[in-house]
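**Q** This is the structure, below, for whatever I ask next.
What follows draws every value from the coordinates through simple rules; no lab data is involved. If you're wondering where the values come from, they're calculated on a predicted model, not measured in any experiment. Ideal geometry is used to build each Cβ from the backbone, glycine not excepted, and the neighbour counts take in all protein chains shown.
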Amino acid sequence: MPWSRLILLAAVAAFAPTADADVSYRSLTSKEKERAFYAEGGRRWKHRRVHLHVPAAKLLAKPEKVKRRRGGTVLVFENRTVPLVVNPKSVYFRKMIQRARRGGHVCVKGTVLDDPRGGSGRRAVWVHTLKRAP
């Protein structure tokens, strides 16, 4: 193998994601992790991808519509201390509304960012995907 290819292979391996890299969702489905997340209002989790289980009733309740400065509207659903922000045109959201049962839970995956309504240090989960939780 020529040296140039060996050096390239070593460089690629050095920059490959590790187990600690933030490349997937952090599961907050255990009671302890969930409790800690909501107790701090998600502040420590800003810019991190999280996986939560939320009662379906939270996403079936009437949302608050918030207009964004860059245009468009998002739906904000109250969920304990960290609200859920959903794009109303999301295919996942529309399917979840059709299939959700009030007694079940929804698997929510998203990124913790600032609350679109503003507020000092308030965080919200900007939802990427929604599915019925097992």
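**Q** Could you give the length gained on full extension between residue 27 and residue 98, defined as 0.36 nm per residue of separation minus the Cα-Cα distance, in nm?
**A** Between residue 27 and residue 98, full extension yields an extra 23.0 nm.
**Q** Could you order the peptides 24-30, 74-80 from most to least packed, using the average number of other C-beta atoms within 10 Å per residue? Don't skip to the answer; put the middle values down first.
**A** On the way: 24-30: 14.0, 74-80: 17.6.
Final packing ranking: 74-80, 24-30.
**Q** Taking a 25 Å limit on the Cα-Cα distance, which of the listed pairs 33/62; 33/89; 33/58; 33/95; 33/65 fall beyond it? Present the calculation step by step, with values, prior to reporting the outcome.
**A** Working: 33/62 27 Å; 33/89 30 Å; 33/58 20 Å; 33/95 28 Å; 33/65 29 Å.
From 33/62; 33/89; 33/58; 33/95; 33/65, over 25 Å: 33/62; 33/89; 33/95; 33/65.
**Q** Step through the residues of the range 60-67 one at a time and calculate ³J(HN,Hα) from phi using the Karplus curve (6.51 cos²θ - 1.76 cosθ + 1.60, θ = phi - 60°), rounding each to whole Hz and writing x for Gly and Pro.
**A** Listing the rounded values in order: 9, 6, 6, x, 9, 8, 10, 7 Hz.
**Q** Separation between the residue 61 and residue 46 pseudo-spin-labels, each 7 Å from Cα along Cα→Cβ, expressed in nm?
**A** A separation of 2.5 nm, rounded to one decimal place.
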